[in-house]
Protein chains: 4
Amino acid sequence: MRLEALRAEVCEANLEVVRRGLVLYTFGNASGIARAEGLVVIKPSGVPYDTLRPEHLVITDFEGKIVEGNLKPSSDLPTHLALYKAFPAIGGVVHTHSRYATAWAQAGREIPCLGTTHADYFHGPVPVTDAMQPDEIASGYEWNTGQVILRRFKGVDPMAKPGVLVAGHAPFCWGRTPAEAAHNAVVLEEIACLAYHALTINPEAGAISDALRDKHFQRKHGPKAYYGQK
Amino acid sequence: MRLEALRAEVCEANLEVVRRGLVLYTFGNASGIARAEGLVVIKPSGVPYDTLRPEHLVITDFEGKIVEGNLKPSSDLPTHLALYKAFPAIGGVVHTHSRYATAWAQAGREIPCLGTTHADYFHGPVPVTDAMQPDEIASGYEWNTGQVILRRFKGVDPMAKPGVLVAGHAPFCWGRTPAEAAHNAVVLEEIACLAYHALTINPEAGAISDALRDKHFQRKHGPKAYYGQK
Amino acid sequence: MRLEALRAEVCEANLEVVRRGLVLYTFGNASGIARAEGLVVIKPSGVPYDTLRPEHLVITDFEGKIVEGNLKPSSDLPTHLALYKAFPAIGGVVHTHSRYATAWAQAGREIPCLGTTHADYFHGPVPVTDAMQPDEIASGYEWNTGQVILRRFKGVDPMAKPGVLVAGHAPFCWGRTPAEAAHNAVVLEEIACLAYHALTINPEAGAISDALRDKHFQRKHGPKAYYGQK
Amino acid sequence: MRLEALRAEVCEANLEVVRRGLVLYTFGNASGIARAEGLVVIKPSGVPYDTLRPEHLVITDFEGKIVEGNLKPSSDLPTHLALYKAFPAIGGVVHTHSRYATAWAQAGREIPCLGTTHADYFHGPVPVTDAMQPDEIASGYEWNTGQVILRRFKGVDPMAKPGVLVAGHAPFCWGRTPAEAAHNAVVLEEIACLAYHALTINPEAGAISDALRDKHFQRKHGPKAYYGQK
């Protein structure tokens, strides 16, 4: 029963990033995890979104073995699994090639925290990984994509930075649920767009003060959060 | 009765900025004031726009105390109140994180008056505030956001510059009515976009002449305005 | 009878530039001329496009005197009249504040002929006027906007360059009919966009060769044109 | 029978690039080839897309002689024919003036392989041709446009680089079918957009490693491709 709800939520997260213009053709995938059941629900590989329905999703165990579904899972599944294993608080992962976030990933630059829109979601810069090494690419590439992310997150709280730019590739985002992961992917694209334009206007633009960054992040996420309805 | 009309107008101002593409998710809020009644009508905090209806709006007094409504008001309410108190001619306030205007705010740069589209609405550059100080952020942050705007408007006629960029944050706009405030927010975004592109083409581009600026502003706003129908 | 057809065509030209995303609110206007009848049909000033219908258009004589219609004509009417008087081959004029073309106008730069898309419509750079002088602005401003265009077109064939950037303002385009003028306004926006991005990629990008420019312009416009159906 | 299917597929390829926003007015054309029958199906010249139906398409032989259809074929037909003759593996050609790809063509710059989105489709940079010479332009211009492409592809596998930028003009793309050619045209526009933004963020951004480029290209195209469903 819970799995049926997760199926629907993962399908909706996949469609949300399409609806928001983050996805061209089949570039992207969303997943969700049922930790108690030991299962992950993910988009099938290379399937068009127009006709995607909850029953098309693939269910695997934590090693990526297919438990249910007639289609192959997204080729990025091992990256999702690596994140789920390392970040126990997350319940959903979303990967897109959204335009501005991908441009920053291709530029190999972290996104500096230039404004409160950014600080509402990311506590400090959006990190970028190192480039992957030939041996990491040659074998277990998608799993190693997860590892290069985790190396970058050593000592970083993934709930205070719900996304990352994989250098030369594109962003991965996460959240407590698939819906939150999708929401964070949409917001990351917006943040990336704002920073792009701000730095074009003023290449010397600096990060907002720590005080302003903390204020905004905690207004939305801290124990004393007061944004939105309770 | 008048309050019901204001409710509808504030709801419509909120929806107008969404319709025009200035708002992602719940980033933004519009309000209106009934000065005689001592009341302000504002969007509830963090509520999706898709289902926003006039009855969801929150009504407060001039100190922000809720008079009517089951939802919490926008967390930016104190900024709106500060503007209403200081600018007696305004009847509506609109806050968005629209892309180009926010990029200028994040860049910490005022928008120079490079063309007649700008001069039709803003008499001279669109001002940017100073960065807020740690103590202004630590307590009464949203009220102090209003104060940093008002410091910037010392000696400036708010009806000749119906908006401002809060540094590292985003724009606030106003007008004689909520509809006019929303209209000004949409136009500010357009002005910010035009200036962004003009300065990329020619970083040395200068402001239009005072004569051309005055002509256009007064063609629309002066006592001898002749644009539009009477 | 002919006037009724012209009314419909001018209304459609106004709506076409809206449909193509060149117009925000009421920023822009299209007109058409019935030379034999001595009449001009133009959009009323400051009227929303959503509800614009042929019967709302204003008909004036060549001096701008209203012959038919209850609304005030566009305040830019004298600019249109100046163009009609000087360019006998044109039958329609369209003025917009479209984003890229206006950015070039604000930058005060002519648009170089960087590609065949440009050469298909404009034989050489899109010209930009001089800035207007204080006395030209102080009185007869809109008529003088026409004059500053005409000074720039001294010795230039208006049918080989169907548009201009008024410095610090925005483009005016024309064509043999209102529909063609609107088409040229849409294409000018596209050309302006392409040149903006090409020069950002390569600031040293130069104009295409005279041979390629002539080939494309004449493929569409010369006596031996062979593009499209006959 | 097969020809009827090809007609429908070519019509759909033409509409796909319109739907994806790559085409303004009539700027662009798609074709397909029936090699066994010795026939090519192509869009008619200058005909609006709104009303385009399979029966409007023009069928010619490999020399461009019309075999069926009442309309003139696209003026770019000889370029398509040159590509079909030289690249025996392709079944469709698509030409557009899409914004970012055309900007790169106007800039006269090849698009470096900055990320995996690019490497999924193009094995290495997207090439740009030399400028065409006056005599190539003066006579047989469209056929010579094909020749300047083919000179650039000497020693290059067209299936590993399914598109090209014609300097000062715009892209041509191809694929095993008209649908694949259209898909590649859409992806090229996206790649061009990503590279534009990445290089604006970081003008020193370099190509991804050969290992990463090969991995992604082969994940989708090599004999061991594992992306998508079988």
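The values are calculated or read from the model by the stated rules, or taken from the named source; none is laboratory data. All values reported here derive from a predicted model rather than from experimental measurement. Methodologically, a virtual Cβ is constructed for each residue, glycine included, from the backbone with ideal geometry; neighbour enumeration extends over all protein chains shown. Each accessible area value is taken on the protein alone, full model and side chains, heavy atoms only, with ligands, DNA and RNA left out. Shrake-Rupley method; radii C 1.70, N 1.55, O 1.52, S 1.80 Å.
Below are the figures for this structure:
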{"item": "Residue ID - nearest to C:THR116 (Cα to Cα), chosen from residues in the stretch C:192-208 that are free of Cβ contacts under 8 Å to residues at least 40 places away in the same chain and open to solvent by less than 50 Å² (accessible area, probe 1.4 Å)", "result": "C:HIS197"}
{"item": "Tally of residues being more than 16 Å from D:THR116 (Cβ to Cβ) and touching a residue at least 60 places away in the same chain (Cβ under 8 Å) across the stretch A:103-139", "result": "16"}
{"item": "In the stretch B:194-230, the residues that are of a type in the set (S, T, N, Q) and facing chain C (nearest Cβ under 7 Å)", "result": "B:THR200, B:ASN202, B:SER209, B:GLN229"}
{"item": "Residue list for the stretch A:72-101, restricted to those being in a loop (DSSP other than H, G, I, E, B) and in contact (Cβ under 8 Å) with a residue 60 or more places away in the chain", "result": "A:SER75, A:ASP76, A:PHE87, A:ALA89, A:ILE90, A:GLY91, A:HIS97, A:SER98"}
{"item": "Residues (farther than 21 Å from D:VAL166 by Cβ and in a loop (DSSP other than H, G, I, E, B)) located in the stretch D:1-33", "result": "D:MET1"}
{"item": "Cβ pairs under 7 Å, 6+ apart, first in the stretch A:49-63 and part of a strand (DSSP E or B) and small (Gly, Ala, Ser), second exposed (fewer than 11 other Cβ atoms within 10 Å of the Cβ) and modelled with pLDDT of 95 or more", "result": "none"}
{"item": "Members of the stretch C:157-179 found to be closer than 17 Å to C:ARG109 by Cβ and not small (Gly, Ala, Ser), listed by number", "result": "C:LYS161, C:VAL164, C:LEU165, C:VAL166, C:HIS169, C:PRO171, C:PHE172"}
{"item": "Qualifying residue in the stretch D:172-182 (condition: over 26 Å from D:VAL23 (Cβ atoms), of a type outside the set (Asp, Glu) and surrounded by 19 or more Cβ atoms within 10 Å (Cβ to Cβ))", "result": "no"}
{"item": "Residue within the stretch B:80-93 that is more than 30 Å from B:HIS197 (Cβ to Cβ), surrounded by fewer than 24 Cβ atoms within 10 Å (Cβ to Cβ) and touching a His at 6+ places or on another chain (Cβ under 9 Å) present", "result": "no"}
{"item": "Residues of the stretch D:12-33 that turn out to be of a type outside the set (Lys, Arg) and either over 18 Å from D:TYR84 (Cα atoms) or surrounded by fewer than 16 Cβ atoms within 10 Å (Cβ to Cβ) (or both), as a count", "result": "12"}
{"item": "Subset of the stretch C:102-134 that is out of contact with any Gly (no Cβ under 8 Å at 6 or more places or on another chain), more than 7 Å from chain B (Cβ to nearest Cβ) and outside any loop (DSSP other than H, G, I, E, B) - its residue that is surrounded by the most Cβ atoms within 10 Å (Cβ to Cβ)", "result": "C:HIS118"}
{"item": "Residue in the stretch B:30-40 that is in contact (Cβ under 8 Å) with a residue 60 or more places away in the chain and among the polar types (S, T, N, Q) present", "result": "yes"}
{"item": "Any chance A:VAL40 is among the aliphatic types (A, V, I, L, M) and in a strand (DSSP E or B)", "result": "yes"}
{"item": "Matching residues, the stretch B:135-155, being within 9 Å of chain A (Cβ to nearest Cβ) and either closer than 30 Å to B:LYS224 by Cβ or hydroxyl-bearing (Ser, Thr, Tyr) (or both)", "result": "B:TYR141"}
{"item": "Residue check for B:VAL166: over 13 Å from the mean Cα position of the chain (by Cα) and open to solvent by less than 70 Å² (accessible area, probe 1.4 Å)", "result": "no"}
{"item": "Residue match in the stretch D:55-70 (condition: open to solvent by less than 40 Å² (accessible area, probe 1.4 Å) and within 30 Å of A:ASP76 (Cβ to Cβ))", "result": "no"}
{"item": "Looking only at the stretch A:165-190, and only at residues there that are in a helix (DSSP H, G or I) and of a type in the set (D, E, K, R), the one that is farthest from A:ALA82 (Cα to Cα)", "result": "A:GLU190"}
{"item": "Hits in the stretch C:67-76 - residues which are in contact with a Lys or Arg (Cβ under 8 Å, 6 or more places away or on another chain) and under 20 Å from C:GLU37 (Cα atoms)", "result": "C:PRO73"}
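Let's see how each residue does on (1) over 23 Å from D:ALA225 (Cα atoms); (2) at pLDDT 95 or above; (3) not basic (Lys, Arg):
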{"position": "A:ARG35", "(1), (2), (3)": "yes, yes, no"}
{"position": "A:VAL47", "(1), (2), (3)": "no, no, yes"}
{"position": "A:THR79", "(1), (2), (3)": "no, yes, yes"}
{"position": "A:VAL93", "(1), (2), (3)": "yes, yes, yes"}
{"position": "A:TYR100", "(1), (2), (3)": "yes, yes, yes"}
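A quick yes/no check of all residues on (1) among the aromatic types (Phe, Trp, Tyr); (2) in a helix (DSSP H, G or I); (3) farther than 16 Å from A:ARG99 by Cα:
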{"site": "A:ALA192", "(1), (2), (3)": "no, yes, no"}
{"site": "A:GLY206", "(1), (2), (3)": "no, no, yes"}
{"site": "A:GLN218", "(1), (2), (3)": "no, yes, yes"}
{"site": "A:LYS224", "(1), (2), (3)": "no, no, yes"}
